[in-house]
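Structure record follows, encoded as structure tokens.
Values in this text are rule-based calculations from the coordinates and carry no lab data. Given the structure is predicted, the values throughout are model-derived calculations rather than measurements. Glycine also receives a Cβ, built like all others from the backbone with ideal geometry; neighbour counts cover every protein chain displayed.
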Amino acid sequence: MTTAAGTKAELEVVGLHKQFNGVPVVNDVSLTLRAGEFLTMLGPSGSGKTTTLRMIAGFEHPDRGEIRLRGQDLTALPVYERGIGMVFQNYALFPHLSALRNIAFPLEMRGVGRTEARRRAMSALEMVELGSQAKKLPKQLSGGQQQRVALARAIVFEPDILLMDEPLGALDKRLRETMQLEIMRITREVGATVVYVTHDQEEALVMSDRIAIYNQGRIEQIGTAQDLYERPTSLFVADFIGESNVLTGHAEPGNGVVRGATWVADVPSSATVTGSGPVSLVVRPEMLRIASGAAPEGRNRLEGRVQEAIYLGGVRKYTVRVADGSLLECRVPRTGTESVLDPGDEVTLSWHPDQVVLLPAAERAEPAERAEPADAGAAA
Amino acid sequence: MTAARETGARSATRAARFAARHGWLLVLLPGGLFLLIFFCYPLVTMAVRSLTDPGPQNYTEVATSPVFRQVLVTTLKTAGLTTLVCLALAYPYAYRMSRASARTTTVMMALVLLPFWSSLLVRTFSWTVLLQDTGLINKMLMALGVVDQPLQLIRTSLGVEVGMVHILLPYMVLPLYTAMRRIDPMLVPAAQSLGARPSRAFARVTVPLSMPGVYAGAVLVFVLSLGFYVTPSLLGGPKNTMLGEVIATQVTRFGFGIGSALGMVLLVVTLVTLGALTLLGRAGSLARERTP
């Protein structure tokens, strides 16, 4: 299954379904990967992302659906014939083999001669900058080094697809950040097509070409980080990626406005919501302008009182309690001329109508993160 | 006065500190005393008597007698064969048990431990009931017309093996199971994702990682087999006589001299085997670590 560089594969997942003990864990998941693309599956634990990954790898068999690698259906192939590289959450390095022999393992399994296997394993080891650690056993290596060995082992046989299941979960924050960049460098260097699973949204934003947001076994939205942050199509995505203020009101399409209890807002020009009914306005904290004092009547503004003012270095974070009692968050970058507010100050929050997102409000009723179907997906 | 009190207090704290740091030694005392009185003392006595009762010629007799040499060979052979049979039977069982659900594991563990709940003597006697010429197995075979004469099952090495394997199997299963449980269950899937068929994943990952259990189990079963006495004497014939039986005969009929010498020989053989197996195991894991 080894492919020459340049003719890298394209992965297609079509209508994937999987249940565990009658509980749907993956529900009609479809996605397509371009060759060389880095796709991250992001979602709360138990949302089905790991199960999708395990079905692509061949560890789980889908109840329905197809997985195609460059047009060839993989569904019936056993794990060891798929030629897919995988990096496991706890690395799964062979404790009785040295770093070098761990990396040579997939080559030996493919009948590559001993000397050639060692040579290629050594160059993979050098690529992950561990050339000097070849003879060490996994337990003699640090967590980050083990992670690198696992990565080298998964790419040394030039697989069509590289799957990574929360590979940085066990590392501390600083090392995780270094490894994120390292993984990006290495996967780009070998031109690998990557499917990456994580529940860390920052990691997803840093690393991915595209992100698939999972929720309760479905892909809620798939797109670039910018798409997801600036144009979320559901409250779940708006909540999951970054922070957001959600205002609920009623759409009045006739007047082109949304009316809340204490405010009136213009319908953003990008809005796809038509018809009247309950809606949510999503405003990112950095898009809220804050000014001291009460403002004259008008649209796209709210009055409130500063509840909390936090200095974060580059940014000041204000929590403002508005008239209907809810708390909104506002981030003001340090420019040298920004006004400094204190708790108790009366303020006006305002926004530009094109910098908010209008979404149907209905789904707020079931907060997705809490209503997950047990932990079946995470356990699998 | 005050000075004396101070020194008193100081030595008291020193004693307290000593107790805190080395107090755990006290808990070793009962066990240590027990071993000293009931193990070390008899062992030394035996060593002394083997040389003095009537003299060191005990060893010359042991070394030159063809009977004793034959018995030693039989003992080693029987122990070796028992170890291999136990390993062959226990390995798949322990593997299955290490990969089973919690409930199945409990049931399988109970089945392994079941024999421990009845006496060795009772189990050996039940084997004589089963294996003898007029025993259950022969009666059944003859009733079914498979054979017209009873098979010689008892007083053969087969009988001895059946009895010994039955008794020693748990000692092989338990260390194997412990070693296999320690193997990260993700390793075999990982090997498969790297292109290993299930059989190769087993050979390249599971087998080498279960070797500590194989060594532990093999040592345990082999060493216990060397000292077996009741089972070979009840289920075996004269050809299957093992060292334990000879020692018993010597001691009861002729006194302690030669018996003690034989005992010392058995002890040395056991220690040498243990040492050799340990070196072998260490060399094996070293070789694995050294190969880059």
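Among B:L121, A:L281, what is the fewest-to-most ranking by other Cβ atoms within 10 Å?
Fewest-to-most Cβ neighbours within 10 Å comes out as B:L121, A:L281.
Please go through the residue pairs A:K139/A:K173; A:K173/A:K317; A:K18/A:K135; A:K49/A:K135; A:K49/A:K136; A:K136/B:K77 and name each one whose alpha carbons sit more than 32 Å apart in this structure.
A:K18/A:K135; A:K49/A:K135; A:K49/A:K136; A:K136/B:K77
Per DSSP H run of n ≥ 4, the term is -39500 (n - 2.57); total these for chain B, divide by its residue number, and report the mean residue ellipticity at 222 nm rounded to 500 deg cm²/dmol.
Calculated from helices alone, the mean residue ellipticity at 222 nm is -25500 deg cm²/dmol.
Does chain B come out rounded, prolate or oblate by the C-alpha gyration tensor, with a ≥ b ≥ c the root eigenvalues, rounded set by a/c under 1.5 and, if not, prolate when a/b is larger than b/c and oblate if not?
Because a/c hits 1.5 or more and a/b fails to exceed b/c, chain B counts as oblate.
Give the average, rounded to an integer, of partner chain Cβ atoms located within 10 angstrom of each Cβ in A:78-88.
Going residue by residue through A:78-88 and averaging, the value is 5.
If you count, for every residue in A:149-156, the Cβ atoms of partner chains within 10 Å of its Cβ, what is the mean?
1
To the nearest 20 debye, what is the magnitude of the charge dipole of the stretch A:160-240 about its Cα centre, counting +1 on the Cβ of each Lys and Arg and -1 on the Cβ of each Asp and Glu?
About 80 debye.
What is the distance, in nm, between label points placed 7 Å from the Cα along the Cα-to-Cβ direction at A:R119 and at B:R69?
It works out to 5.7 nm between the two label points.
Alpha carbon centre of the stretch B:27-54 versus the stretch A:114-144: separation in Å?
54 Å
Taking the Cα of B:Q57, stepping 7 Å toward and past its beta carbon, and measuring to each backbone N in the stretch B:218-255: which are under 17 Å?
Residues passing the 17 Å test: B:254-255.
In nm², what is the average projected area of the convex hull enclosing the Cα atoms of the stretch B:238-288?
4.4 nm²
Subtract the Cα-Cα distance of A:E346 and A:S270 from 0.36 nm times their separation in residues, and report this length gain in nm to one decimal.
24.2 nm
Obtain the nm distance between the two label points defined at A:H250 and A:H61 by a simple spin-label model: each point lies 7 Å from its Cα along the Cα-to-C-beta direction.
5.5 nm
What's the ranking of B:110-117, B:58-65 by average number of surrounding C-beta atoms within 10 Å, highest first?
So the order, starting with the most tightly packed, is B:58-65, B:110-117.
Which of rounded, prolate, oblate describes chain A, given a ≥ b ≥ c as roots of the alpha-carbon gyration tensor eigenvalues and a/c under 1.5 marking rounded, otherwise prolate only if a/b is larger than b/c?
Taking the square roots of the gyration eigenvalues as a ≥ b ≥ c, chain A is prolate.
Using 7 Å Cα-to-Cβ label points, what is the B:T128/B:L267 separation (nm, one decimal)?
Between B:T128 and B:L267, the simple spin-label model gives 3.1 nm.
For peptide A:105-111, what's the mean number of Cβ atoms from other chains within 10 Å of each residue's Cβ?
5
Cα axis of helix A:99-109 to longest principal axis of chain A: angle in degrees, 0 to 90, nearest 10?
Compared with the principal axis, the helix lies near 70 degrees.
Using the beta-carbon distance between B:L89 and B:V146 and R0 = 35 Å, what value does 1/(1 + (r/R0)^6) give for FRET efficiency, to the nearest 0.05?
That pair, B:L89 with B:V146, gives E of 0.90.
Report the extension gain between A:V206 and A:N27 in nm, rounded to one decimal, defined as 0.36 nm multiplied by the number of residues separating them, less their alpha carbon distance.
61.7 nm is the gain from fully extending A:V206 to A:N27.
Grab the Cα-Cα distance for A:E286 and A:L175, subtract it from 0.36 nm times how many residues apart they are, and report the gain in nm with one decimal.
37.1 nm
Which FRET efficiency value, to the nearest 0.05, is calculated for A:R305 and A:S142 with the Förster distance at 41 angstrom and r the Cβ-Cβ distance?
0.25
At R0 = 56 Å, how high is the FRET efficiency between B:R103 and B:Y41 if r is their beta carbon distance? Nearest 0.05 is fine.
The value I calculate is 0.70.
Just order A:147-157, B:21-31, B:128-138 by mean Cβ neighbour count inside 10 Å, highest at the front, would you?
Ranked by mean Cβ neighbours within 10 Å, highest first: A:147-157, B:128-138, B:21-31.
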